[in-house]
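Enquirer: Have a look at the structure that comes next, please.
The values are calculated or read from the model by the stated rules, or taken from the named source; none is laboratory data. Model, not experiment: these values are computed from the prediction. Cβ coordinates were reconstructed from backbone atoms using ideal geometry, including for glycine residues, and neighbour counts include every protein chain displayed.
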Amino acid sequence: MSRLYRAFAQPLYARVLLPKLGDREAAEDVLAETFRIMLEKLDKYEDRGGSIWSWLATIAANKARDVERERARRGQALRGFAQLSAPLFEAAAAAPGPGGDRADAARLQAAVARVMDELNPRYRRALTLRFLEDRPRAECAELLEVKLATFDVLLLRSLRSFRERWQALTSAQTPASDRIPVTA
Amino acid sequence: MKSHDEDEENASAEELREAAALAAALEDDAAATGSAGLADALDAAALLRNARAPLAVPAGHEAIVTAHAAPALDARRVRRSRRARTWIATSLAATAAAGWLLFATTLNHRAPSRMAAAAPLPPAPADLLAAQAEAARGGSQTRAALAALDLKMRDYRRQYQQSLRHGEGREP
């Protein structure tokens, strides 16, 4: 159990659960549940054979989907970013290797920094204050010397601009032929 | 307040509504009802929020996972030991059955020799031999001698059959 945890917990968390759920606490809960299910079904898996990474990633993805459905049912707004991060991780090897967690985080942060550099400086400032520095909305508006409602519009436009450039960057980085699926 | 925001102030009514919905969703984690564009903006916000810190499982989370999975781990141990016990019992039973089969087969092969040992005729009693001699002599008393011989032979056969039955009833 401990060996499996050390080998797979981090990549499951960083590549599958956190991107799908967008929330660290929920990702940690589903990670624990994934290992519980893994122990319950390990005998059947051993009989069937196959890649343990693909098997665990499938269990984790299914559990994350259950949580997403439950959130939708309760009307919660939390969203994941799997659609955005998938091209980055798919460009890496399908099965995680040693140090893969640090590589994943570094790849994501480098891509974010590159997209931020390309943004309009006002958009970059708004996103940095609100998300990277995690400042309250009112404080962001004050620092940018705009009204609150104006900051909301600025933030919406900044996020749209970020997303557009992110998609352009990641699709340019990873030709479809090089993509390797993260999950089975 | 110095105005750096003329462009944003000229936003359309729809964009203002979406911006307000985005702000509410980010602040209160309330469901954002709006366009697909708003959902896309929330995805980008989730990416940025998670990019500010390493995508790492917190230290000490392994203990939480171990505690959460403990019942499944125990159940797995029980299943494995039960399977081992079943395997040992099955192996022992198979070995015992094979041994018994071998023993029974050996006994069956040896049984004809035991029957053969029971087969020889018991020695004829003296009165039977005398009755035979009387019957063989012939003469006027032949019919009576044959009747006496017949009685003696019946006794002898009965005695022989009893000895056979006694031999068969013995435990191997």
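Enquirer: From the list B:ALA59, B:ALA89, pick out the single residue that is more than 7 Å from every other protein chain (Cβ to nearest Cβ) and not in a helix (DSSP H, G or I).
Expert: Answer to the check: B:ALA59.
Enquirer: Which one is nearest to the other protein chains (Cβ to nearest Cβ), of the residues in the stretch A:142-169 that are farther than 18 Å from B:ASN10 by Cα and more than 28 Å from the chain's Cα centre (by Cα)?
Expert: A:GLU142
Okay, residues lined up against (1) in contact with a His (Cβ under 7 Å, 6 or more places away or on another chain); (2) facing chain B (nearest Cβ under 8 Å); (3) within 22 Å of B:ASP74 (Cα to Cα):
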position: A:GLN10; (1), (2), (3): no, yes, no
position: A:ALA14; (1), (2), (3): no, yes, no
position: A:LEU17; (1), (2), (3): no, no, no
position: A:LEU39; (1), (2), (3): no, yes, yes
position: A:ASN62; (1), (2), (3): no, no, no
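Okay, residues lined up against (1) in a helix (DSSP H, G or I); (2) modelled with pLDDT under 80; (3) not basic (Lys, Arg):
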residue: B:ALA23; (1), (2), (3): yes, no, yes
residue: B:LEU38; (1), (2), (3): yes, no, yes
residue: B:ARG49; (1), (2), (3): yes, no, no
residue: B:ALA53; (1), (2), (3): no, yes, yes
residue: B:ALA63; (1), (2), (3): yes, no, yes
residue: B:ALA72; (1), (2), (3): yes, yes, yes
residue: B:SER81; (1), (2), (3): yes, yes, yes
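Enquirer: Let me ask another. Quick one: which of A:THR128, A:THR58, A:THR34 is among the polar types (S, T, N, Q), at pLDDT 90 or above, surrounded by 14 or more Cβ atoms within 10 Å (Cβ to Cβ) and under 17 Å from B:ARG49 (Cβ atoms)?
Expert: After ruling out the rest, the residue left standing is A:THR128.
Enquirer: Here's another thing I want to ask about it. Which of the residues that make up the stretch B:25-36 are more than 7 Å from every other protein chain (Cβ to nearest Cβ) and modelled with pLDDT under 80?
Expert: Result: B:ASP28, B:THR33, B:GLY34, B:SER35, B:ALA36.
Enquirer: Mind checking which residues of the stretch A:159-184 are modelled with pLDDT under 90 and among the hydroxyl-bearing types (Ser, Thr, Tyr)?
Expert: Residues satisfying the conditions are A:THR170, A:SER171, A:THR174, A:SER177, A:THR183.
Enquirer: Sticking with this structure for a sec: Exactly one condition in (1) buried (at least 19 other Cβ atoms within 10 Å of the Cβ); (2) at pLDDT below 80; (3) in a helix (DSSP H, G or I); (4) not polar (S, T, N, Q) is not met by A:ARG79; state its number.
Expert: (3)
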